[in-house]
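Okay, structure first, notes after.
Taken together, the values in this text are just the output of simple stated rules run on the coordinates, not laboratory data. Here the structure is a predicted model, which means the values were calculated and not measured. As a convention, Cβ positions derive from the backbone with ideal geometry for all residues, glycine included, and neighbour counts pool all protein chains shown.
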Amino acid sequence: MADILKNPKVRRDYHILETFEAGIVLHGTEVKALRAGRGQISDAFARVEKDEVYLYNAHIDEYSHGNLQNHQPKAPRKLLLHKSEIRKLFGLAAVKGNALLPLAFYWKNGKVKVSLAVGKGKAQFDKREADRELKRATMRRTIED
């Protein structure tokens, strides 16, 4: 299983609740661009719409040797899952705070697969504010001593 693209932001910003393996519908030039490692999925997300799952904002660069039939780089792409998995994803994604996010694109038996995760957002805090509070606490301690 060789990774084509990875999304490191997902594991940093979300608690992963569950992962799914999905196929993806791609055109020929998209596959060729992915073979060259030309794309990024850091801003990508998925949605369940009408009993189907679509991947949005996944950028696959145009194939350099393509012609007029070259693909659109940010076109929505259909993900292929079993109906039971789609129903489960729909239930998990309906919970407030959960998101469907791609972890990676990879090769499996000559086909491109997507590792899709259900993630719950981690609480974000401002590091600068935490540093200020730490400095204040150490200043108080030195003054009192």
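If R₀ is 30 angstrom, what is the calculated FRET efficiency for the pair Lys50 and Lys122, using the beta carbon separation as r and rounding to 0.05?
0.45
For segment 3-144, just run the numbers: alpha carbon Rg, then divide by 2.2 N^0.38 Å, N being how many residues it has.
1.38
Could you give the length gained on full extension between Asn109 and Asp3, defined as 0.36 nm per residue of separation minus the Cα-Cα distance, in nm?
Length difference between fully extended and current span is 36.9 nm.
State which stretch of the chain is the longest one without any exposed trypsin sites (Lys or Arg not before Pro), exposure meaning a DSSP loop state and at most 13 other Cβ atoms within 10 Å.
1-49
Give me, ordered by chain and number, the residues 5 or more places off Val53 or on other chains with an amide H under 5 Å from its own placed amide H.
Leu79
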